[in-house]
Amino acid sequence: MIDVALARALVTAGLRWQPANGDWFCLFDEGEAWLIAPGAIELGQMDGAPVLMFHGASEWALDTVWAGEALWLPNASQLQQALMGYLGAHGTITLDVTATGSRCRAMFADWRYEASAVNVEDAYGAVLLAVLQNVRA
């Protein structure tokens with residue numbers, strides 16, 4: 001799972017979230033990760049804005065939280081899709097995974113960036129953050 005500090009940095013840099021079933025998130029004042037899933041935490045709308053409705057046996061049962069108050073914890077596939085969305089059809093991404101970690105490389109025209117991390121999500125996330133901040137390596 002992506003590092004919470006990196007997920008916050010991505011939001012600050014402009015990454016936007018459209019909540020969907022199967023997404024992981026945490027609340028900004030907590031580190032506990034939650035999964036949007038029918039019967040547990042469901043998506044809803046209040047005043048035209050998305051909300052997360054907690055059901056079931058959790059301590060949050062019957063509470064509702066504005067999705068904007070939650071921090072999305074994107075998975076590797078979601079990060080890869082977001083990265084390709086910013087790079088476009090002419091950009092390339094490569095990912096190398098070994099027993100000791102992951103390395104992601106992104107290229108677009110003369111722009112290149114590489115990041116290494118223990119997990120795939122953090123490697124993708126670091127490159128996406130650089131793209132969002134228009135940092136060139």
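Looking at segment 74-85, is at least one residue assigned to a loop (DSSP other than H, G, I, E, B) and modelled with pLDDT of 95 or more? Yes, some residue in segment 74-85 is assigned to a loop (DSSP other than H, G, I, E, B) and modelled with pLDDT of 95 or more.
Across segment 79-109, what is the number of residues that are crowded, with 19+ Cβ neighbours inside 10 Å and either over 27 Å from PHE25 (Cβ atoms) or without any contact (Cβ under 8 Å) to a residue 12 or more places away in the chain (or both)? Show your work before the answer.
Taking segment 79-109 as the starting set, the residues that turn out to be crowded, with 19+ Cβ neighbours inside 10 Å are 79-80, 82-83, 87, 102, 104, 106.
When the remaining residues are screened for being either over 27 Å from PHE25 (Cβ atoms) or without any contact (Cβ under 8 Å) to a residue 12 or more places away in the chain (or both), the result is none.
Total satisfying the criteria: 0.
Pairs linking a residue in segment 38-66 that is among the aliphatic types (A, V, I, L, M) and surrounded by 10 or more Cβ atoms within 10 Å (Cβ to Cβ) to a residue that is in a loop (DSSP other than H, G, I, E, B) and at pLDDT 90 or above, with Cβ atoms under 6 Å and 6 or more positions apart or on different chains, are LEU43/PRO19. The residues of segment 110-126 that are surrounded by fewer than 19 Cβ atoms within 10 Å (Cβ to Cβ) and outside any strand (DSSP E or B), listed by number, are ASP110, VAL118, ASN119.
Has segment 16-34 got any residue that is aromatic (Phe, Trp, Tyr) and more than 27 Å from VAL127 (Cβ to Cβ)? Taking every residue of segment 16-34 in turn, none turns out to be aromatic (Phe, Trp, Tyr) and more than 27 Å from VAL127 (Cβ to Cβ).
In segment 2-10 there is at least one residue that is loosely packed, with under 11 Cβ neighbours inside 10 Å, outside any loop (DSSP other than H, G, I, E, B) and not assigned by TED's automatic domain parsing to the domain that holds GLN80. Just one of (1) among the hydrophobic types (A, V, I, L, M, F, W, C); (2) at pLDDT 95 or above; (3) under 30 Å from VAL51 (Cα atoms); (4) part of a strand (DSSP E or B) fails for VAL65. It is (2).
The values are calculated or read from the model by the stated rules, or taken from the named source; none is laboratory data. Because the structure is predicted, anything quoted here is derived from the model rather than measured. Please note: Cβ atoms are built from the backbone with ideal geometry, for glycine as well, and neighbour counts cover all protein chains shown.
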